[in-house]
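K.L.:
Provided herewith is a single structure, encoded as structure tokens, for subsequent inquiry.
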């Protein structure tokens, strides 16, 4: 029935997302004047490592700022451990934040900086807590040097130590691998996995595909302030039925196999690239069933069948361009 003066009444808003997850965003938006930084983003994050992936300017830091309680959502809801993240000081004692910027006072030693964080958290023994956190991030040697002498990677690790000093159940890390050398990167990746195995909820942002792929069990892809996809990146890729999957095949007779594949209905294209057969198919499951039979019927031996677009880079490129 039409409403007053024939105007259809507005549809009721969708029900609020009900979740017990440590981190919940429910149609959360954040804007600055006319600039929309985050637009109606909904997701939840549970225990383990979750990667927040997106190009620079996608809204990752704004999302982390809202979860940490540093920014109020302009609309929607952001909750941390079951409570509103904004203007809820008690939640700050249960979250550790590593910002992207190296906000470390140059005149403090690393140990002094972490000890100060422990005192701010009201810990009974800040010295012991600081020592434990510094050992965890593998920064014992330079701990008593002024942070002005630290490299970018060392500053990242001392920030992480300060975020860990009160043993929080939730960690928010904004580009935590920035400035780390290869050894430090491996140590950081191992540390995040160990912290997650201990039951923590870890959400870290990155625009580097390899970092997320190697560390995170789950991926949130953001682009232009919107959530483009969420889940395991391989599962996301398999849902992309409107884009062919690509495989590289090495066989005893690539040309003969290409002819047999093209004659069937599971392949939309095949070409020889750098001495190997590149095949495109829009029917992933059908291709997997038919390939061995087609090769056998053509008298061709299969040596290797490798997907070439199952990486996180492929997923990300597709999602941000569609």
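K.L.:
Could you work out how much longer the chain between residue 262 and residue 308 gets when fully extended? Use 0.36 nm per residue separation minus the Cα distance between them, nm to one decimal.
P.N.:
14.7 nm
K.L.:
Also: With a/c under 1.5 counting as rounded, go ahead and sort the stretch 32-99 into rounded, prolate or oblate using the C-alpha gyration tensor (a ≥ b ≥ c being the square roots of the eigenvalues; past the cut-off, prolate if a/b is larger than b/c, else oblate). Don't skip to the end; give the middle numbers.
P.N.:
Numbers: a/c = 1.70, a/b = 1.24, b/c = 1.36.
Oblate, because a/c is 1.5 or more while a/b does not exceed b/c.
K.L.:
Also, I was wondering about something else. For the stretch 54-110, what is the relative contact order in percent, using Cα pairs closer than 8 Å and at least 6 residues apart in sequence? Write out the running numbers ahead of the final one.
P.N.:
Values: 36 pairs, mean separation 13.7, N = 57.
Relative contact order for the stretch 54-110 comes out at 24 percent.
K.L.:
Quote the relative contact order of the chain in percent (integer), defining contacts as alpha-carbon pairs under 8 Å separated by 6+ residues. Can you show the working numbers first?
P.N.:
On the way: 604 pairs, mean separation 57.6, N = 322.
Relative CO of the chain lands at 18 percent.
K.L.:
Of the labelled options (i) 15.6; (ii) 23.9; (iii) 26.4, which one gives mean projected area of the Cα convex hull in nm² as computed for this structure?
P.N.:
(ii)
K.L.:
Place a point 7 Å from Cα of residue 145 in the direction of its Cβ. Which residues in the stretch 169-195 have their backbone N less than 13 Å from it?
P.N.:
In the stretch 169-195, the label zone of residue 145 (backbone N under 13 Å from the point 7 Å along Cα→Cβ) covers no residue.
K.L.:
What distance in nm separates the two pseudo spin-label positions at residue 152 and residue 20, each 7 Å out from Cα along the beta-carbon direction?
P.N.:
About 4.3 nm separates the two model spin labels.
K.L.:
When ranked by the protection proxy of mean other Cβ atoms within 10 Å per residue, highest first, what sequence do the peptides 222-232, 179-189 form?
P.N.:
Those peptides, ordered most packed to least, come out 222-232, 179-189.
K.L.:
Another one. For residue 27 and residue 207 in the same chain, what is the full-extension length gain: residue separation times 0.36 nm, less their Cα-Cα distance, in nm?
P.N.:
62.5 nm
K.L.:
If you take every DSSP beta bridge whose two residues both sit in the stretch 23-231, what share of them, in percent to the nearest 5, is antiparallel? Each step should come with its number before you reach the end.
P.N.:
On the way: 20 of 39 bridges.
Once the DSSP bridges in the stretch 23-231 are tallied, antiparallel ones form about 50 percent.
K.L.:
With r defined as the distance between the Cβ atoms of residue 285 and residue 226 and R0 fixed at 30 Å, what FRET efficiency is calculated, to the nearest 0.05? Mind dumping the intermediate values first?
P.N.:
Working: r = 30 Å, r/R0 = 1.00.
Given R0 = 30 Å and the Cβ-Cβ separation, E is 0.50.
K.L.:
Which three semi-axes in whole Å describe the equivalent ellipsoid of the stretch 110-237, each the square root of 5 times a Cα gyration tensor eigenvalue, listed largest first? Mind dumping the intermediate values first?
P.N.:
Details: eigenvalues 165, 53, 32 Å².
Equivalent-ellipsoid dimensions as semi-axes: 29, 16, 13 Å.
K.L.:
Right, something else. Suppose R0 equals 35 Å; then what is the FRET efficiency for residue 178 and residue 255 from their Cβ-Cβ distance, rounded to the nearest 0.05?
P.N.:
Approximately 0.15, to the nearest 0.05.
K.L.:
Now, a different point. Do the sum for the chain: with -39,500 (n - 2.57) for every DSSP H run of n ≥ 4, divided by all residues, what is the mean residue ellipticity at 222 nm, to the nearest 500 deg cm²/dmol? Can you show the working numbers first?
P.N.:
On the way: 10 runs with 106 residues, N = 322.
It comes out at -10000 deg cm²/dmol, rounded to the nearest 500.
Values in this text are rule-based calculations from the coordinates and carry no lab data. Nothing here was measured: the structure is a model prediction, and the numbers come from that model. Positions of Cβ are backbone-derived with ideal geometry, glycine not excepted, and every protein chain shown enters the neighbour counts.
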